[in-house]
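The structure under discussion appears below in the form of structure tokens.
The values are calculated or read from the model by the stated rules, or taken from the named source; none is laboratory data. In this text, all values refer to a predicted model and were calculated from it rather than measured experimentally. Counting neighbours? That spans all protein chains shown, and the Cβs are built from the backbone with ideal geometry, glycine included. With ligands, DNA and RNA removed, areas are computed over all heavy atoms of the protein, side chains included. Shrake-Rupley method; radii C 1.70, N 1.55, O 1.52, S 1.80 Å.
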Amino acid sequence: MPLHFFNTYSRYPEEFQLCDAKNRKIDIYTCGPTVYSRAHVGNFRAYIFEDLLQRHLEARGFKIHRVMNITDVDDKTIRGAREAKVPLQKFTQQFKDAFFEDAEKLRIKRADDCPAATDQRYIEKMISMISALIAKGLAYQADDKSVYFRINKFPNYGKLAHFDLTELRSTGRVKHDEYDKEHIGDFALWKAWDEEDGDVKWDSPWGPGRPGWHIECSAMATALLGDQIDIHCGGVDNIFPHHEAEIAQSEGVTGKQFVRMWLHCAHLLVDGQKMSKSLGNFYTIPDVLAKGYTGREIRYALIRVNYRTQLNFTWDGMKEARESLGRIDDWLQRLREVAGDKKDNPKIDIQLGHEFEEALDDDLNISAALGFLFETIRDTNRAMDQNKLDAKTAVAWLNSWNRINKVLDFESDGAELPEEVAKLAEARAQARLAKDFRKSDELRDKLNALGWEARDTKDGQKITRRAGA
């Protein structure tokens, strides 16, 4: 079955066509974090979708080169550094570190390249692209010494966002990084230095200043992936003005189609409302972990709805994620018990169907893919209840699960426990080594009170979420 994705540019599902079909290589650019604060669960909804996309394409045999940028200079980062009274690099580094720490907890694969906008080689690429746009009459230096892109000189401007420029009134020029269609105008490519920028500036042919947000991504994407990219991803909030500007800048320089397919992730709501600190529903990954949930439970909660559908994040949804993963854990344990000493035999490969992969081929239809998985769990559990599942079939399902889990990465590794549970588990293990069985039993009771079960097996102590907890 060929791959189909919904292309934001055309607003239609399209069969995916490779730039480099011979080598089955796919270049993907994903808009990364702007490191002025810690990323929240809404941000990570997009990064989880992009992780699912990469893993599925790899499972289908493609070679992926993914670039995810780090925006470490823009209006927000400079404002934050100024308010914190620290250098820009020091201010942004804390949030870069936090982002990768949180991403690792959610089992998100790290991109092949994570370029930072302030890297001198990319600053030079930005200056080179801006110079080319000026030479082609697509950009100009204004009386405020900043350089702007002439949107009326690029006929396709507005096509990604499906805006008709003839129906919109231009406000002239827009220096801010972010704005809406009511404030459309020539956007900033290079911002002349002013006092609020402090010591954040680079030399350029137009005087000291800094790049606009949009040119940063055009420069990093083309520097690392070339003039044409297979897939570009981001949130729906990136469509305008950011991605619209990326197209204009990149194609204005190269004269080639910049991106073959645009994929955008819908917003995340919290209890049916837009996430906001003022509403008290603004959550970072550490906030959710502090509630006793694990990274894989957050991963499940953020991945379970198709990326183009709004996802409503709730604490009931987190409980459902925990219960769903518990069903998977219990199912795998039962299969391994039935498989016995054959469970590690990869050579047993009964053809069990590929409905999971085929569902994801259809615009990452994760709902259908998970539906197939849980239908399989129900049917095989029923067969095991009736002693109708033999060891060979159990092994085949375990092998099939290994294939599926390379995409989902849901399986418990036994190490991801809430901090309090992990401490109790370690104390109980030490008590059993010391043959202090009274203390061991006391610690087991404490684990039970927290919703966890301690089982002693020939392979050592196993800690699992208690059914219904």
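Here is how the numbers come out for the structure above:
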{"item": "Correct choice for percent of Cα pairs over 42 Å apart that was computed from the model, options [x] 13; [y] 59; [z] 26", "result": "[z]"}
{"item": "Cleavage-rule hits (trypsin sites (Lys or Arg not before Pro)) in the range 108-151: DSSP loop, at most 14 neighbouring Cβ within 10 angstrom", "result": "Arg110, Lys136"}
{"item": "Whole-number accessible area per residue in Å² for the chain, which is evaluated in the context of all protein chains at 1.4 Å", "result": "47"}
{"item": "Relative contact order %, the chain, counting alpha carbon pairs below 8 Å whose residues are six or more apart", "result": "16"}
{"item": "Using alpha carbons only: equivalent-ellipsoid semi-axes of the range 379-449, gyration tensor based, whole Å", "result": "34, 18, 11"}
{"item": "DSSP-loop trypsin sites (Lys or Arg not before Pro) across the range 351-440, with at most 11 other Cβ within 10 angstrom", "result": "Lys388, Lys435"}
{"item": "Ellipticity estimate at 222 nm from DSSP helix runs (n ≥ 4, -39,500 (n - 2.57)) divided over the chain, nearest 500", "result": "-13500 deg cm²/dmol"}
{"item": "Charge dipole (debye, nearest 20) of the chain; +1 at Cβ of Lys and Arg, -1 at Cβ of Asp and Glu", "result": "940"}
{"item": "Compactness index (Cα Rg / 2.2 N^0.38 Å), the range 162-285", "result": "1.24"}
{"item": "Cα Rg, Dmax (largest Cα-Cα span) when computed across the range 364-417, Å", "result": "12.8, 35"}
{"item": "Sequence-separation-based contact order of the range 1-152, relative, with Cα cut under 8 Å and 6+ spacing, percent", "result": "20"}
{"item": "Inter-part distance where the range 419-445 and the range 115-135 are each reduced to a Cα centre, Å", "result": "58"}
{"item": "Dipole of the chain, positive end: most advanced residue of Phe149, Leu289, Ile130 [Cβ charges, Cα centre]", "result": "Leu289"}
{"item": "Euclidean distance between Cα centres, the range 178-232 to the range 364-385, Å", "result": "47"}
{"item": "Semi-axis lengths, Å, the range 223-294, gyration tensor of Cα atoms, sqrt of 5 times eigenvalues", "result": "35, 14, 10"}
{"item": "Mean shadow area of the range 28-151, taken as a quarter of the surface of its Cα convex hull (nm²)", "result": "10.1"}
{"item": "For Asn7, distant residues with modelled amide H under 5 Å away", "result": "Tyr12, Glu14"}
{"item": "Cα-centred dipole magnitude for the range 110-235, charges only on beta-carbon of K, R (+1) and D, E (-1), debye, nearest 20", "result": "460"}
{"item": "Overall dimensions of the range 310-455 by Cα: Rg and Dmax, Å", "result": "18.3, 56"}
